[in-house]
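Below is one structure, written out as structure tokens; comments come after it.
The values are calculated or read from the model by the stated rules, or taken from the named source; none is laboratory data. Source: prediction; values computed, not measured. Counting neighbours? That spans all protein chains shown, and the Cβs are built from the backbone with ideal geometry, glycine included. Remember, those area values only see protein heavy atoms, side chains included, never the ligands or the DNA or RNA. Shrake-Rupley method; radii C 1.70, N 1.55, O 1.52, S 1.80 Å.
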Amino acid sequence: MTSHTMAIKNDPKQDLDLSLTQSKAKSFLSPSFAAYMDNQDPLKELRNEFVIPTRGEIAPGADRSNESCIYLCGNSLGLLPKAVSRYVNEELQVWGEGAVNSHFKHRFGRPWVRIEETVQEQSAKIVGAKKDEVAVMNTLTSNLHTLLAAFYTPTPERHKVLIESKAFPSDHYAIESQIRWHKLDPATSLLCQEPRQGEYLLRTEDILETIEKHGHEIAVVAFSGVQYYTGQYFDIEAITKAAHAKGCIVGWDLAHAVGNVPLQLHDWNVDFACWCSYKYLNSGPGGIAGIFVHERHAMGFERNRLAGWWGHDKSTRFEMINVFKPIPGAAGFQHSNPSVLTTSALLGSLSVFEKTTMQEMRKKSYLLTGYLYHLLTTEFSTDVLEIITPSDPEQRGCQLSLVFKHGKMMEIFDGLAARAIIGDERKPDVIRVAPTPLYTRFEDVRQFVVELKDLVAQVYYLEKEK
Ligand SMILES: Cc1ncc(COP(=O)(O)O)c(C=O)c1O
């Protein structure tokens, strides 16, 4: 067996020796191992449900241009399910043929006046909710505002919102603006949970301690289910329970969790949640988003809410009576008649989920991301690449976040893109890669690692000495 020694050319102090792991990992890096895993995969046929861009489409001029690219970016935008084109085209056809009449008469049985109902049940299944606890509407940040309008009702004693210190910027801005909306000051009403010095991840015990200590003045705990930067999957049930014990409301941004990890929002007693559908749900850019409101809130109407006619009782909606009577359930939080095209796109993408279950997807995801994790930790020195996502599969979804050391992240990212390998970068130094179980093969993971090894050798000025 050949031993490869790689050394940083320009800095002898940082010599790297990657040879130690070579013999151990070699069999896992062989095409036959990946092919074996792909053959065993019970979900392998689902890849055929998607349009996978070719290498040539992603990186014009790339060799083997007709082969499929390596797409590891479902955490940002999922690939196009073939069913989406069909469903959207049907709506265009119905629009052309029936125009306004299609609100009530629809040749495919999906009258527009009830279009949102076509995606309600499957969405609820994916997040572990009762059908009436879920509504599909608007977009993610708008929904976060809508839900906070109902659930963030600060008092002089209880006015704080607890968030992650590195919450997604849109959430941070939304929550700060909600605080100001109530004539409060984020300096005193926003509580940010910081990781410990030198750490990336938030420890559950630290979050619980903050809740224990400050819970009496926290109105809302608003966390993400899976952290966008680190890929950490928080213990939603434990955090919700601890916050409830202190009398707080708990809401979750599930942008990176929905369609990625199995969720049980109803049983976990979550108060509210929101998500987008363009990442792991594959409904297309700017797709229609979703909300969850637990039935104990959604069936009662004591909370003030931002109202619109689509949240009004369906039987009298068109009587134009101007006396708001909300629909029981999350649907009572809707404002506008929904976008038929994006709802139909979601219907198409959810039809793929109907062919499997979140539990089956999770099983594959453990293996696929576990495979990636193993290869990365055995093939690369931590002086080049560090995985900041938890090593425990229970505490992550499919995404791994890779920190590239010595300021080389963008060079690596551009190099991958030129090789038709799509992840995404988050400054200052992270590349996120997400082998989503619906359409990623073990062979994709293997090729990614092989190409990355080659690229790291170039970018870090390593030379191979045979
Ligand atoms: C965690 C998280 N929250 C919020 C958003 C903002 O989503 P939108 O632009 O759909 O409102 C994103 C977008 O990627 C996200 O990842």
For the range 98-114, Karplus-derived ³J(HN,Hα) couplings (6.51, -1.76, 1.60; θ = phi - 60°; whole Hz; x for glycine and proline) come out as x, 6, 4, 4, 5, 4, 10, 10, 9, 5, 9, x, 10, x, 4, 5, 10
For the pair Glu411 and Ser32, the simple spin-label estimate (label points 7 Å beyond Cα toward Cβ) gives in nm 3.7
Carbon/sulfur accessible area of the chain, % of total, 1.4 Å probe, equals 53
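As an exercise, identify the trypsin sites (Lys or Arg not before Pro) in the range 28-81 lying in DSSP coil whose Cβ has no more than 14 other Cβ atoms within 10 Å.
Numbers: sites: Lys44, Arg47, Arg55, Arg64; in loops: Arg64.
Passing sites in the range 28-81 are Arg64.
Please report the antiparallel percentage of the DSSP beta bridges confined to the chain, to the nearest 5. Don't jump to the answer; show the numbers that get you there.
Working: 27 of 45 bridges.
The antiparallel fraction comes to roughly 60 percent.
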The Cα radius of gyration of the range 115-252, divided by 2.2 N^0.38 Å with N its residue count, comes to 1.08
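With a 1.4 Å probe and all protein chains left in place, how much accessible area per residue does the chain have, in Å²?
43
Count neighbours as other Cβ atoms within 10 Å of each site's Cβ, and list the trypsin sites (Lys or Arg not before Pro) in the range 169-232 that are DSSP loop with at most 13 such neighbours. The partial results should precede the final answer.
Values: sites: Arg180, Lys183, Arg196, Arg203, Lys213; in loops: Lys183, Arg196, Arg203.
Those satisfying the criteria are Lys183, Arg196, Arg203.
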Per residue convex hull volume, Cα only, the range 372-466, in Å³ is 104
With the dipole of the range 85-353 defined by +1 on each Lys or Arg Cβ and -1 on each Asp or Glu Cβ, the option from Val258, Gly109, Thr139 whose Cα lies farthest towards the positive pole is Gly109
From highest to lowest solvent-accessible area (probe 1.4 Å; ligands, DNA and RNA excluded), His159, His182 read His182, His159
Along the range 224-231, Karplus-curve 3J(HN,Hα) (6.51, -1.76, 1.60; θ = phi - 60°) to the nearest Hz, with x for Gly and Pro, reads 8, x, 10, 6, 5, 8, 9, x
Sorted by chain and then number, the residues having a modelled amide H within less than 5 Å of the amide H of Thr54, at least 5 places away or on another chain, are Cys69
Per DSSP, the loop-located chymotrypsin sites (Phe, Trp or Tyr not before Pro) within the range 91-147 having at most 16 other beta carbons within 10 Å are Phe104, Phe108
The ³J(HN,Hα) series, computed from each phi in the range 240-252 with the Karplus coefficients 6.51, -1.76 and 1.60 at θ = phi - 60°, rounded to the nearest Hz and given as x for glycine or proline, is 4, 4, 5, 5, 4, 4, 9, x, 8, 8, 10, x, 10
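Using only alpha carbons, build the gyration tensor for the chain and give me the equivalent ellipsoid semi-axes, biggest first, whole Å. Please report the intermediate quantities before stating the final value.
Values: eigenvalues 341, 171, 60 Å².
The three semi-axes for the chain are 41, 29, 17 Å.
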Too long for a 31 Å Cα-Cα cut-off, among Lys130/Lys279; Lys246/Lys314; Lys125/Lys408; Lys166/Lys241; Lys355/Lys427, are Lys246/Lys314; Lys125/Lys408; Lys355/Lys427
If one compares the long axis through the Cα atoms of helix 442-459 with the longest principal axis of the Cα atoms of the chain, the angle in degrees, nearest 10, works out at 60
CD proxy, 222 nm, the chain: helix-only mean residue ellipticity via -39,500 (n - 2.57) per DSSP H run with n ≥ 4, per residue, nearest 500, stands at -10500 deg cm²/dmol
Taking every DSSP bridge whose two residues both lie in the range 85-353, the antiparallel percent to the nearest 5 is 40
